[in-house]
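Take a look at the structure below.
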Amino acid sequence: METETFDAITQIQAYIRQISKTFEITIHELHNFKFQDTKEQDTMPTSLNADQSKLIKARADLIFQKIKEADLLMGSLPSHFESEKEQLEVIRQLQKENEIAGEKLAQATQLAAEWQKKVSDRIKQVAREAAIDRNPV
């Protein structure tokens, strides 16, 4: 769960960087555009040509898409982050569960070793009996 939260935060950071970079590039391009219907350099431009409009629309769509994706990721983040005390309690609980699992594993390993010895002994016994049956003394 915690890893998923950090992954989501990392993704959100990447989206924000992409959005910022797209804004920066778009503003730079807008600044360098040669606008139609602009007679004086100090006046506000009144229109963009078709290629400029397509480019700006594509950039706006990209920005809005990235904002939407970042918003979805932010919505998936937990509304409550555990305090240090709560985190320590979770760690203690996990340690306890790990100890129990370790004990069960040790028991299962011991039981498996016992059964392996029983099966091995039985196979040896059957092999000896088969050898005796083939070569009676």
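The values are calculated or read from the model by the stated rules, or taken from the named source; none is laboratory data. Not measured: the values here are computed from a predicted model. Every residue, glycine among them, receives a Cβ derived from its backbone with ideal geometry; neighbour counts consider all protein chains shown. What goes into the accessible areas is simple: the full protein's heavy atoms, side chains included, and nothing from ligands, DNA or RNA. Shrake-Rupley method; radii C 1.70, N 1.55, O 1.52, S 1.80 Å.
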Selection from Ile132, Ala113, Ala101, by position along the positive dipole direction of segment 82-136 (Cβ): Ile132
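Using the heavy atoms of the protein chains and a 1.4 angstrom probe, tell me the accessible area per residue for segment 40-115 in square angstrom. The partial results should precede the final answer.
Numbers: 6470 Å² over 76 residues.
Per residue, segment 40-115 has 85 Å² of solvent-accessible surface.
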In Å², nearest 10: area of Ser53 left accessible to a 1.4 Å probe: 50 Å²
Distance (nanometres) between label positions extended 7 Å along Cα→Cβ at Leu94 and Ile25: 3.9 nm
Backbone HN-Hα couplings from phi across segment 120-134 [Karplus 6.51/-1.76/1.60, Hz, Gly and Pro as x]: 4, 4, 5, 4, 4, 4, 4, 5, 5, 5, 5, 5, 5, 5, 7
Candidate values [x] 1.01; [y] 1.55; [z] 1.11, label of the one derived for Rg/Rh (Cα atoms, Kirkwood Rh): [y]
Phi to ³J(HN,Hα) by Karplus 6.51 cos²θ - 1.76 cosθ + 1.60 over segment 106-115, Hz, x for Gly, Pro: 4, 5, 5, 5, 5, 4, 5, 5, 5, 5
The chain, accessible surface, carbon-and-sulfur percent (1.4 angstrom probe): 58 percent
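At a threshold of 8 angstrom on Cα-Cα distance, excluding pairs fewer than six apart, so keeping six or more, what relative contact order does the chain reach in percent?
Values: 46 pairs, mean separation 38.3, N = 137.
Once normalised by length, the contact order is 28 percent.
Applying 1/(1 + (r/R0)^6) with R0 = 22 Å to the Cβ-Cβ distance of Glu84 and Ala14, what FRET efficiency is obtained, to the nearest 0.05? Present the calculation step by step, with values, prior to reporting the outcome.
On the way: r = 28 Å, r/R0 = 1.26.
Efficiency computed from Cβ-Cβ geometry: 0.20.
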For segment 82-136: rounded, prolate or oblate by the Cα gyration tensor [a/c cutoff 1.5]: prolate
Set of lysines with alpha-carbon distance to Lys54 below 25 Å, sequence-local pairs under 8 removed: Lys21, Lys34, Lys39, Lys66, Lys68
Met74/Ala108 FRET efficiency (R0 35 Å; Cβ-Cβ; nearest 0.05): 0.20
